[in-house]
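**Q** I have a structure here, written as structure tokens, and I will follow up with some questions on it.
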Amino acid sequence: MNTGAFVCTCGDGCAVDPEEARDSVEGVDVVASSSHLCDDGLPAMSQVIDEHDLDQLLVTAVDDGCKRRLRGLADEHDLHPEAVDFVDHRESAGWVHGRDAATEKTARMLTARHAGLREEPVSRSVSRDAGNDVVVVGDAETASALAGDTGSTGDAEVTLIANGGEYAGVDANLDDVTVERGRVTRVDGEYGEFEVTVESRVTEDCISCMDCVREGPDGMVARVPVDIAPDAPDGEWTECCPTNAIEMDGVERAIEADQVIYPAATSADRGGRIGFYTGPVDAGTVAAVERLLGGLEKPQHLDIDMDVCASGASSKRGCNECVEACPHGAVERPRIDEVEFDPVACQDCGACTSSCPTGAVRLRDPSNERIAREVEALVRPRESGGLFGGDDPIDEQVVAFVCSERADDAVREYGRLSAAGRDLSYPPVLPVRVDCTDTVGEAHALHALASGADGVAVVGCGGSCLHSGPDPKATLVDSVNAACRDLGLGERVDFFAPDPHDPDGFVDALSAFVNGLDDSPVPAGEHVATGDVDDGRETPPFDNHGWALESVRAIVDHTDPDRDVIRGLSDFGWMEVSDDCALTPTCTNMCPTDAIRREGSDLQFDHERCVNCGLCEDGCPEGAITMRDGLDLSLLPENREAVTDADAESNDPAWITVYDGEMLSCRRCGREFTSVGSAEKVKAAVGERVEGIAPDSEHSVFEYCNDCRARLHFDT
């Protein structure tokens, strides 16, 4: 595509030098500037589009009205509806930084956006059919609001579960609502297939004759719907029911629904599930329910490759990172050795993708490769001197992964406050926008540092995040800083949660972090990630394990690590094997990354491939394997001499021998058929039972292979 970048100063209302910015944007076909692009600059912009046959426009614009006019211009030129992409040069640059820094940052953001767009995927969608059945638990007003005409998708078929409430004379129109007795004990399933379990002390045989209401304990029997409180005492009064519908031990029944509104529920999922709504309930909840009536179609957020998944094998559970990370119930274990993704339930937070070491699940947009290219475009060599020669106006190059939801809104509000006269100025961090900071993992932070960034700021929503838990990214910050210390970089990562009501707190915290950083020893602008390691396997692009390892290698080229084992990196492990090893093939068969092999009587391990899933340790029948966390630089092939054993099938230095065993040769045919350890283990377990079955043999039956042992028995 032909791409043009357009720089506007909003009527000279922000501290950006358009000419200097224009000279520094890289990679695009043409750059133009104007002081009022969306008004009197439109004719000139139109001329540039025609002259250079542009089909992608990058524009510095923030105001919604400006964006509409610029999209309208693109439409006049028959460009694709998504052919215009906008960069915030004002709230996050020109209104909060000095002129030189704001100009440099604006140019880098345009360059980075162009680099990212070249990695934009072809759009795909997922869909799911559903009905209109909606269960509302204990909220008559919401049930009434949903029961009316809901528009083109049809009417909601609403069931109100009383949940112990009394709805006689309630101030809500329930004429079109089915009211069910019972208290909810469990909600299972997913959008389109929920099952709500309710328990009641009155069965479906009830005819609402009111006898139990009159005879029962005061205040313990509801009239609409008829139901008996769980703490109501048993007694002769229960015999009043003419249909024997009273069951004091309680009865359960299941109610099916496509969507569920349960204001009092505590969702097991931090961010909620598609079609399952907990409190508080408002008009937005009703609108969300109505949008999902009949089914949904949404963008496909994930690429999934289960062939490389390390979730488990042979009824043993392995890696569980994605299941634990997902805040929306979109990942589950249908079986102990398997995980399953629900692309419809996925809400695009990236938690599963940043935690998956093997690349079995990857975020489509922004993909890891797109993020990598944006980071590499933002971090520039210092010797360039910026736009103005001499010192670079961006002193410390800090890559900021910024959540596009509440965190981004808060940062923009700081810019508006600054423009309105409040003194709010902070260092010009280099932003990479992500849908949620859950997208950011160890590999992303390490890549930024390998690209020469002096620091990494993760800017998210904090405790108010719609996805993460109450202490988001604390583990990430601690683990990457631990790795940075061991790599000789010192601590260079932190998390920030901008509060729109406390701009000074954010400015002070970010300024202290940035100003406390030393220049990185890793030169900027040299590293271009491939997202892969050449370990002899085909792996998904930019899998977190391979991408992180590539970044570590780029870092240690310029540092002097204090230790061999780099702590804090969860996707790397190294193996210890005890003398209990019997060389059974369990570990080699189960390893999802082929990091274990047997060469003759040796058990060998490739640290470069290991993703620390733990399957080998859990599955070893002898309990001989212990996995240790961390990346051991001394075990990487570039730090080891080639194997010189003449009997080895390969001299690949990636492989190390972790157990030197002894094989047992058959006394009859001479073929090696098992390890000495395995034979001794079997003999100890069943030796007494088979003693004497081959009395004429000079040797134990356990010293013969299966074929020769059978012949030995036949000859006997």
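**Q** For Ala268 and Thr185 in one chain, what is 0.36 nm times their gap in residues minus the Cα-Cα distance, to one decimal in nm?
**A** 28.5 nm
**Q** Starting at the first residue of the range 71-84, write each ³J(HN,Hα) from the Karplus equation 6.51 cos²θ - 1.76 cosθ + 1.60 with θ = phi - 60°, in whole Hz, x for Gly and Pro.
**A** Calculated HN-Hα couplings, in order: 5, x, 5, 4, 5, 4, 9, 6, 7, 4, x, 9, 7, 10 Hz.
**Q** P(r) of the range 243-312 in 5 Å steps, Cα pairs, percent per bin?
**A** With a bin width of 5 Å, the distribution comes to 3, 10, 15, 15, 14, 12, 12, 11, 4, 2, 2, 1.
**Q** Please identify every one of the trypsin sites (Lys or Arg not before Pro) in the range 415-484 that sits in a loop by DSSP and has no more than 16 other beta carbons within 10 Å of its own beta carbon.
**A** Passing both the DSSP loop test and the Cβ count: Arg422.
**Q** At 222 nm, what value in deg cm²/dmol follows for the chain if DSSP H runs of at least 4 each add -39500 (n - 2.57) and the sum is divided by all its residues, to the nearest 500?
**A** -8000 deg cm²/dmol
**Q** Calculate the FRET efficiency for Glu82 and Asp508 from the Cβ-Cβ distance with a Förster distance of 41 Å, rounded to the nearest 0.05.
**A** Computed FRET efficiency for Glu82 and Asp508: 0.60.
**Q** Let me ask something else about it. So if I place +1 on the C-beta of Lys and Arg and -1 on the C-beta of Asp and Glu, and nothing else carries charge, what would the dipole magnitude of the chain be about its Cα centre? I want it in debye, nearest 20.
**A** 360 debye
**Q** Also, I was wondering about something else. Out of Gly279, Leu424, Asn481, whose Cα points farthest toward the positive end of the dipole of the chain (charges: +1 Lys, Arg; -1 Asp, Glu; placed on Cβ)?
**A** The Cα lying farthest towards the positive end belongs to Asn481.
**Q** If you don't mind, another one. Consider a paramagnetic label point 7 Å from the Cα of Met627 along Cα→Cβ; state which residues of the range 584-607 have an amide N under 17 Å from it.
**A** Inside the label zone: 586-597, 604-607.
**Q** Now for a different question. Could you tell me which of rounded, prolate or oblate describes the chain, using a ≥ b ≥ c as the square roots of the eigenvalues of the alpha-carbon gyration tensor, with rounded for a/c under 1.5 and, failing that, prolate when a/b is larger than b/c and oblate otherwise?
**A** In terms of gyration-tensor shape, oblate.
**Q** Now a separate question. Please compute the length gained on full extension between Asp234 and Arg333, using 0.36 nm multiplied by the number of residues separating them and subtracting their Cα-Cα distance.
**A** Working it through step by step, the gained length comes to 31.4 nm.
**Q** Could you give the nm distance between label points at Arg68 and Met220, where each point is 7 Å from its Cα heading toward the beta carbon?
**A** 6.3 nm
**Q** Follow-up question, since we're still on this one. Averaged per residue, what accessible surface does the chain expose to a 1.4 Å probe, in Å²?
**A** Accessible area per residue: 45 Å².
**Q** So how far, in whole Å, is the C-alpha centre of the range 168-212 from the one of the range 14-67?
**A** The range 168-212 and the range 14-67 have Cα centres separated by 60 Å.
**Q** For an R0 of 41 angstrom, estimate the FRET efficiency from the Cβ-Cβ distance between Ala482 and Ser315 and round to the nearest 0.05.
**A** It comes out at approximately 0.75.
**Q** If you roll a 1.4 angstrom probe over the protein chains with everything in place, what fraction of the accessible area of the range 145-232 belongs to carbon and sulfur, to the nearest %?
**A** 39 percent
**Q** At 0.36 nm per residue, and after removing the present C-alpha to C-alpha distance, how many nm does the segment from Asp707 to Val30 gain when stretched out fully?
**A** Stretched fully, the Asp707-Val30 segment lengthens by 236.1 nm.
**Q** Now for a separate question. Suppose R0 equals 56 Å; then what is the FRET efficiency for Ala168 and Ser123 from their Cβ-Cβ distance, rounded to the nearest 0.05?
**A** With R0 = 56 Å, the Cβ-Cβ based efficiency is 0.60.
**Q** For the chain: lysine pairs with Cα atoms under 28 Å, gap of 8 or more or different chains, count?
**A** Value for the chain: 6.
**Q** How far apart, in nm, are the 7 Å Cα→Cβ label points at His501 and Arg668?
**A** Going by the 7 Å Cα→Cβ label model, 8.4 nm.
The values are calculated or read from the model by the stated rules, or taken from the named source; none is laboratory data. Computed from a predicted structure; not experimentally measured. We place every Cβ from the backbone using ideal geometry, glycine too, and count neighbours over all the protein chains shown. The accessibility values were calculated without ligands, DNA or RNA, using every heavy atom of the protein model including side chains. Shrake-Rupley method; radii C 1.70, N 1.55, O 1.52, S 1.80 Å.
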